[in-house]
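What follows is one structure encoded as structure tokens, with my remarks underneath.
The values are calculated or read from the model by the stated rules, or taken from the named source; none is laboratory data. All values reported here derive from a predicted model rather than from experimental measurement. All Cβ positions, glycine included, derive from the backbone under ideal geometry; neighbour counts span all protein chains shown.
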2 protein chains.
Amino acid sequence: MKRTTSSGEVPTGYDPLQFPAFAVTVDVVILTVSDGALHLLLVRRGESPFEGMWAIPGGFKRPTETLDEAARRELREETGVDVASLLVQFGAFGDPQRDPRMNVVTIGYLAVIRDVGAIVAGSDAADAALIPVSEVLDGKLELAFDHRRIVCDAIERVRVELAVSGIATAFVGTTFTLAELRGVYEGLWGVQLDAANFRRRVVNKDGWVIPTGRRARPGLAGGRPAELFRVGRAWNHSGLTHPQRNHQEREVE
Amino acid sequence: MKRTTSSGEVPTGYDPLQFPAFAVTVDVVILTVSDGALHLLLVRRGESPFEGMWAIPGGFKRPTETLDEAARRELREETGVDVASLLVQFGAFGDPQRDPRMNVVTIGYLAVIRDVGAIVAGSDAADAALIPVSEVLDGKLELAFDHRRIVCDAIERVRVELAVSGIATAFVGTTFTLAELRGVYEGLWGVQLDAANFRRRVVNKDGWVIPTGRRARPGLAGGRPAELFRVGRAWNHSGLTHPQRNHQEREVE
DNA sequence: TTGGTTTTGGTCATGTCAACAATAACCTCA
DNA sequence: TGAGGTTATTGTTGACATGACCAAAACCAA
């Protein structure tokens with residue numbers, strides 16, 4: 001049995017070129033909620049291969065920076081925002097044929113930003129757009145490289161993270177109404193949540209949301225003005241779970 | 001604002017060496033539960049740097065294989081087992097100085113195997129050992145490279161995964177008693193669980209465990225023989241949660 | 001047979017949560 | 001100004017989950 005260690009059977013005098021060399025890139029899936037639906041930021045490729053197709057923004061990792069720094073740099077170059085509400089690594093992708101030109105391993109990052117409308121407009125709007133993720137998941141919109149799979153993994157991660165931690169607050173502004181926050185859950189899970197029960201669950205969560213005294217102005221349709229909240233610091237412990245039917249059938253098929 | 005896409009500003013006629021080249025490795029954190037405590041498989045490094053120190057097994061990704069294949073290959077080379085109960089990627093590590101020799105980006109994999117005792121014995125036992133993770137977390141045992149951080153991330157992932165999915169069954173054999181399964185939770189969470197309540201929670205979970213008719217032989221101390229279960233297929237939906245005190249104080253500090 | 005040990009089943013009180021009803025506070029339009 | 005519409009919030013209720021605790025069952029060793 002061959003024994004190898006983390007960096008392999010490297011003799012003391014090594015030659016870097018003797019080992020398989022890869023290009024390492026960082027790709028950032030930038031998400032936001034708009035009109036109650038999850039959207040992601042895509043850019044149109046200007047070069048071959050996949051010229052003219054939509055892709056998620058990304059670029060080479062530089063030898064002097066960490067992966068996190070590379071992701072933050074890419075996000076800044078793409079959107080101009082310096083810090084996202086959330087920027088976490090969610091996976092690495094290294095299939096041999098994922099880039100037809102050379103061997104590229106990419107590290108996927110997930111970024112959540114609050115209101116990206118103005119940001120995309122300020123950017124080079126010609127080749128960047130906010131696309132509903134449903135179009136990607138449906139397969140209606142084809143993406144370059146293996147970016148469809150990368151996006152799918154990112155979405156899945158968001159859904160899980162939403163249940164296990166308080167990611168939802170990353171999608172809303174610094175102050176928000178509970179209806180807005182509820183919309184994030186409904187959009188990402190594709191469910192309808194009871195407003196009354198949602199309120200109780202969220203407000204009772206220890207340090208989850210903090211009421212500011214103020215109230216939001218009602219929408220065009222009127223209605224009682226909603227209370228304004230800001231995020232508490234404890235949005236990282238036990239998240240919300242999917243609502244489960246009261247009368248779930250307990251049959252073991 | 002500079003616009004880059006996933007593979008950067010690569011002209012059509014590209015020269016691979018013109019872009020930052022990295023070595024890509026796959027490191028596998030191999031976990032098992034032994035004597036009610038979580039252990040991990042470490043190998044002793046035979047070469048510089050960090051010669052003689054403990055490290056997690058790993059090696060170079062080959063250009064023709066996927067990351068998952070590389071992880072499976074490393075696991076097989078190290079333990080001889082062909083397929084783990086669980087083998088998932090959990091993170092990428094690419095700090096510039098993590099390897100003093102060259103720029104190495106490593107992809108961390110988490111492997112869970114059932115009974116590793118015989119396996120390690122069958123391997124080249126001189127430089128491989130099962131170490132309690134507590135010794136690594138305490139800092140009592142120093143690891144090569146940034147492997148301590150990699151291990152910490154893996155453990156954290158296991159703890160979360162344990163609550164959100166049914167990872168626990170990956171630690172036990174194909175048939176198991178509820179005491180064994182409970183021991184996994186107790187070992188990983190560092191808590192004591194009531195046997196009666198644990199049984200109800202696990203058995204009531206839809207498709208979680210399936211009773212085989214057989215019973216285990218009692219231990220040396222006697223006791224009623226335990227029922228033997230096997231894992232159901234639905235161990236991926238809503239996991240168990242930490243037990244929470246009945247009278248939790250609800251103060252907002 | 002007796003005492004020890006482990007598993008399994010039962011009870012009870014409390015807490016959580018979904019469903020639903022009712023009220024409060026705003027809007028627009030007549 | 002008032003009526004009807006809309007949204008947010010509070011209340012109530014019943015089903016279920018869960019933790020604490022107790023008791024019985026089924027084995028061992030002596």
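One table, with the values for the structure above:
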| item | result |
| --- | --- |
| Residue, farthest from DNA strand D (Cβ to nearest atom), within the stretch A:193-207, restricted to residues that are assigned to a loop (DSSP other than H, G, I, E, B) and within 15 Å of A:GLU180 (Cα to Cα) | A:LEU193 |
| Some residue of the stretch B:164-181 being closer than 30 Å to B:VAL104 by Cβ and crowded, with 19+ Cβ neighbours inside 10 Å | yes |
| Residue among A:VAL83, A:VAL33, A:VAL24 that is closer than 23 Å to A:SER165 by Cα and in contact (Cβ under 8 Å) with a residue 40 or more places away in the chain | A:VAL33 |
| Filter result (at the interface with another protein chain (Cβ under 7 Å from one of its Cβ atoms) and either of a type in the set (A, V, I, L, M) or out of contact with any Leu (no Cβ under 7 Å at 6 or more places or on another chain) (or both)) within the stretch A:85-103 | A:GLY91, A:ALA92, A:ASP95, A:PRO96, A:ASP99, A:ARG101, A:MET102, A:ASN103 |
| B:LEU141, sole failed condition from (1) among the hydrophobic types (A, V, I, L, M, F, W, C); (2) over 19 Å from the mean Cα position of the chain (by Cα); (3) surrounded by fewer than 20 Cβ atoms within 10 Å (Cβ to Cβ) | (2) |
| Condition met for A:ILE131 (at pLDDT below 95, of a type in the set (Val, Ile, Thr) and assigned to a strand (DSSP E or B)) | yes |
| Filter result (within 15 Å of the chain's Cα centre (by Cα), of a type in the set (Ser, Thr, Tyr) and more than 19 Å from A:VAL172 (Cα to Cα)) within the stretch A:57-88 | none |
| Residue within the stretch A:152-165 that is under 22 Å from B:VAL164 (Cα atoms), in a loop (DSSP other than H, G, I, E, B), within 14 Å of chain B (Cβ to nearest Cβ) and away from DNA strand C (no atom under 14 Å from the Cβ) present | yes |
| Test for A:LEU141: is it in a strand (DSSP E or B), out of contact with any Lys or Arg (no Cβ under 8 Å at 6 or more places or on another chain) and of a type in the set (A, V, I, L, M, F, W, C) | no |
| Residue in the stretch A:210-222 that is under 18 Å from A:GLY36 (Cα atoms) and of a type in the set (Val, Ile, Thr) present | no |
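One line per residue, one yes/no per condition, for (1) within 8 Å of another protein chain (Cβ to nearest Cβ); (2) surrounded by fewer than 20 Cβ atoms within 10 Å (Cβ to Cβ); (3) at pLDDT 90 or above; (4) not in a strand (DSSP E or B):
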residue: A:THR25; (1), (2), (3), (4): yes, no, yes, no
residue: A:HIS39; (1), (2), (3), (4): no, no, yes, no
residue: A:SER48; (1), (2), (3), (4): yes, yes, no, yes
residue: A:GLU74; (1), (2), (3), (4): yes, no, yes, yes
residue: A:VAL83; (1), (2), (3), (4): no, yes, no, yes
residue: A:VAL105; (1), (2), (3), (4): yes, no, yes, no
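For every residue, the table says whether it meets (1) in contact with a Lys or Arg (Cβ under 6 Å, 6 or more places away or on another chain); (2) within 14 Å of chain B (Cβ to nearest Cβ); (3) at pLDDT below 90; (4) more than 10 Å from DNA strand D (Cβ to nearest atom).
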| position | (1), (2), (3), (4) |
| --- | --- |
| A:ALA216 | no, no, no, no |
| A:PRO225 | yes, no, no, no |
| A:ARG233 | no, yes, yes, yes |
| A:HIS237 | no, yes, yes, yes |
| A:PRO243 | no, yes, yes, yes |
| A:GLN248 | no, yes, yes, no |
| A:GLU251 | no, yes, yes, yes |
